[in-house]
Amino acid sequence: MSLVELREHLCATFPDLCPLFSIEFGDGVLQVGPERLHEAMEGLKTLGFDMLGMVTAVDFGEEFELVYRLRAREMGVAIIVRARLPRHTPRAASVTDLWPAADWHEREVYDLFGIVFEGHPDLRRILLPDDWVGHPLRKDYEDPSIIRRPDYR
Amino acid sequence: MAGVDDFAQVLESVPGGGIILTSVDAVADWARGHSLWMMPMGTACCAMELIAASFSRFDFDRHGSIPRPDPRHTDVMVVAGTITRKMAPAVKLLWEQMPDPKWCIAMGNCAISGGIFYYDTYSVVRGVDEFLPVDVYIAGCPPRPEALQDAVLRLREKVRADSMSPGRRRAIEGVLPLPTAGDGTAEGGSE
């Protein structure tokens with residue numbers, strides 16, 4: 001299935017998600033608000049996206065952007081779902097009820113970005129030690145043990 | 001080792017005891033130096049070279065260096081790879097489980113100093129010598145198995161210089177031949 005066919009399929013099934021869909025650099029992208037994230041993901045699952053490949057996040061300063069990559073094995077097409085969260089309340093609904101694979105991915109995003117997934121069964125650190133302070137992949141993370149690279153230019 | 005030290009001192013004070021001590025030292029050091037079983041603490045890409053070292057092309061078995069996946073069987077811990085702050089307690093625990101006498105080889109730049117992870121990182125220990133007593137350092141990213149072979153042979157020199165008696169432990173000569181500054185005889189110099 002091509003991305004154009006995916007757009008038609010998506011618009012026929014969920015007309016309200018249709019304006020949120022775009023094709024960027026050869027990838028189908030669905031940009032949703034954080035309050036509609038779980039609803040949209042549920043819809044995509046009924047559409048045939050049965051595999052969650054990746055959950056990650058990007059720090060844009062004022063906002064975090066959650067990035068999910070879904071794949072529909074029957075249709076042979078993938079889609080990227082993005083949701084922007086405000087930095088002061090980085091909370092989103094967990095999708096572990098839809099894809100159990102999201103469990104460790106969401107823990108990783110929580111560990112490194114401090115984004116809280118509501119409804120996650122076991123939200124604790126996964127990569128860093130349990131007593132770690134802070135979330136290192138945030139742009140404003142400070143740690144006195146870091147040695148900054150001198151500027152050789 | 002305190003008990004062994006006391007025993008060696010008593011033996012040295014007995015007439016003829018020094019001869020026995022010399023013979024025992026020679027046998028013990030030969031046996032230890034030629035059976036340096038390795039604890040392969042491979043955590044990153046250096047482990048590939050460490051694995052290659054034990055197979056037929058490089059064949060470390062001929063040196064008596066057999067990798068054993070159990071700290072209780074091994075004499076030398078080869079730390080091959082990046083050690084993160086979360087991994088460090090596990091490495092230290094494995095080191096403490098190894099029976100004395102034991103040695104440590106830091107293989108590769110990450111194990112020496114953190115390597116490419118020295119700067120701008122929050123998670124990497126800058127060198128395994130922050131918590132382990134390292135005997136031999138091998139530079140390289142990663143070092144080839146020949147370099148590891150050289151390290152095992154250098155370590156054997158160190159083991160040979162050991163003695164049961166603290167007074168008889170010899171300085172290790174020729175392990176690291178450093179060029180003297182300004183004498184112009186260093187290898188690879190110009191002209």
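Only the coordinates and a few stated rules stand behind these numbers; no lab work does. These figures come from a predicted structure and were not determined experimentally. All Cβ positions, glycine included, derive from the backbone under ideal geometry; neighbour counts span all protein chains shown.
A few comments on the model shown:
- Axis angle, to the nearest 10 degrees, between helix B:2-13 and the longest C-alpha principal axis of chain B: 40 degrees.
- As a size descriptor, the averaged projected area of the C-alpha convex hull of the protein assembly as shown was calculated at 27.6 nm².
- Per-residue shielding of A:141-150, expressed as the average number of other chain Cβ atoms within 10 Å of the residue Cβ, stands at 3.
- Beta bridges per DSSP with both ends in chain B, % antiparallel, nearest 5: 5 percent
- When shorter helices are ignored and each DSSP H run of at least 4 residues is given -39500 (n - 2.57), the per-residue value for chain A at 222 nm works out to -7000 deg cm²/dmol.
- When the helices of chain B are scored as -39500 (n - 2.57) per DSSP H run of n ≥ 4 and the total is divided over every residue, the value at 222 nm lands at -11000 deg cm²/dmol.
- Sequence-ordered 3J(HN,Hα) estimates for segment B:142-148 from the Karplus curve with 6.51, -1.76 and 1.60 and θ = phi - 60° stand at x, x, 6, x, 4, 5, 5 Hz, glycine and proline given as x.
- Listed residue (A:Tyr68, A:Val95, B:Met107) projecting farthest to the positive dipole end of the protein assembly as shown, Cβ model: B:Met107
- Taking trypsin sites (Lys or Arg not before Pro) across segment B:35-139, the ones in a DSSP loop with at most 11 further Cβ atoms lying within 10 angstrom of their Cβ are B:Arg57.
- Taking other residues whose beta carbon is less than 14 angstrom from the beta carbon of B:Asn109, and scoring Lys, Arg as +1 and Asp, Glu as -1, yields 0.
- Magnitude of the charge dipole, the protein assembly as shown, Cβ model with Lys/Arg +1 and Asp/Glu -1, debye to 20: 380 debye
- Looking at segment A:89-153, the chymotrypsin sites (Phe, Trp or Tyr not before Pro) that sit in a DSSP loop and have at most 11 other Cβ atoms within 10 Å of their own Cβ are A:Tyr152.
- Degrees between helix B:17-33 axis and first principal axis of chain B (Cα, 0 to 90, nearest 10): 20 degrees
- Length-normalised contact order of segment A:58-115 in % [C-alpha pairs under 8 Å, at least 6 apart]: 25 percent
- Qualifying trypsin sites (Lys or Arg not before Pro) in segment A:51-127, DSSP loop, other Cβ atoms within 10 Å at most 11: A:Arg73, A:Arg124
- Size descriptor for segment B:69-144, Kirkwood hydrodynamic radius: 12.4 Å (Cα pairs only, one decimal).
- Counting only residues at least eight positions apart within a chain, or on another chain, the aspartates and glutamates with an alpha carbon under 18 Å from that of B:Lys92 are B:Asp70, B:Asp75, B:Asp100, B:Asp129, B:Glu130, B:Asp135.
- Cα-based convex hull volume of chain B per residue, rounded to whole Å³: 157 Å³
- Helix A:3-13 vs. chain A, principal-axis angle (Cα, 0 to 90°, nearest 10): 70 degrees
- Percent antiparallel among DSSP beta bridges (both partners in segment A:1-91, rounded to 5): 80 percent
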